[in-house]
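Input: a single structure, listed below in structure tokens.
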Amino acid sequence: MTSRVNPNDAGQAFPIYITVVAGLLFLAFAYLAVGQAGTNRNGAQTAADAAALAAAQETRDQLAGEWADNVADPASWDNIFNGAVAGLDDSCWRADQLAAQNDAHVDDCTMDGPLRYSVDVTTDEPVGDSIVPGTEDAYARASAVAVIKPSCTFELPEGDEGEVLPRLACENRHWDLDPEEPVELPEPHELFDVHLAD
């Protein structure tokens, strides 16, 4: 008994084959578009994180400078470590710099607390052409919040504050400061920790 191949069967399978291949190609392009959007979004988040941290670090450096200028006046330390210092320069210019280095620009930079910066950024380049309509003009946006946290504690001495400075305890290091010769002072990163908010 012999079997015969019906030429019509081969002809019927060809459109199914074409449909399957077209579907697979569409899925491949769709995944590519999703990947493009994800990469763009990640770039925006990186820019936002860097911008917020940069602004906070600039303010941290200013606060550390204020502390160094007032090291002989322990009564002022508490305000400085809590960010309650008048006349600090706006640090959002650092956010602009870091966003630009990450191919984005700052939409909003706000010091929404004495020790907190919120930054919103948008990427400079759109997602680009893809099979998803409208992506050629779609830009990724992201936000980040950075906080400045004092790393040191101290207790004001009793009696004449000008004679004895408090012992400054900064994480694993202690500083016994001499008001007459404050030669070695903590660095800004030892006085304050800067990190992204959870």
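The values are calculated or read from the model by the stated rules, or taken from the named source; none is laboratory data. Since this is a predicted model, take the numbers as computed values, not measurements. Heads up, the Cβs are rebuilt from the backbone with ideal geometry, glycines too, and the neighbour counts pull from every protein chain shown.
Annotations for the structure displayed:
- Of the residues making up the stretch 60-73, one or more are among the β-branched types (Val, Ile, Thr), out of contact with any strand residue (DSSP E or B) (no Cβ under 8 Å at 6 or more places or on another chain), closer than 17 Å to Pro188 by Cβ and at pLDDT below 95.
So that you can scan it fast, the table gives a plain yes or no per residue for (1) assigned to a helix (DSSP H, G or I); (2) acidic (Asp, Glu); (3) touching a helix residue (DSSP H, G or I) at 6+ places or on another chain (Cβ under 8 Å):
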position: Asn42; (1), (2), (3): yes, no, no
position: Thr59; (1), (2), (3): yes, no, no
position: Ala64; (1), (2), (3): yes, no, yes
position: Trp67; (1), (2), (3): yes, no, yes
position: Arg94; (1), (2), (3): yes, no, yes
position: Tyr117; (1), (2), (3): no, no, yes
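- Tabulated pairs, the stretch 96-117, first over 11 Å from Ala56 (Cα atoms) and free of Cβ contacts under 8 Å to residues at least 24 places away in the same chain, second among the charged types (D, E, K, R) and outside any strand (DSSP E or B), C-beta under 8 angstrom, 6+ apart or interchain: His105/Asp96; His105/Asp124
- Lone unmet requirement of (1) more than 30 Å from Gln101 (Cα to Cα); (2) modelled with pLDDT of 90 or more; (3) assigned to a helix (DSSP H, G or I) for Asn8: (2)
A quick yes/no check of all residues on (1) surrounded by 14 or more Cβ atoms within 10 Å (Cβ to Cβ); (2) at pLDDT below 90; (3) within 30 Å of the chain's Cα centre (by Cα):
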residue: Val127; (1), (2), (3): yes, yes, yes
residue: Ser143; (1), (2), (3): yes, no, yes
residue: Ile148; (1), (2), (3): yes, no, yes
residue: Cys152; (1), (2), (3): yes, no, yes
residue: Leu156; (1), (2), (3): no, yes, no
residue: Glu163; (1), (2), (3): no, yes, no
residue: Trp175; (1), (2), (3): yes, yes, no
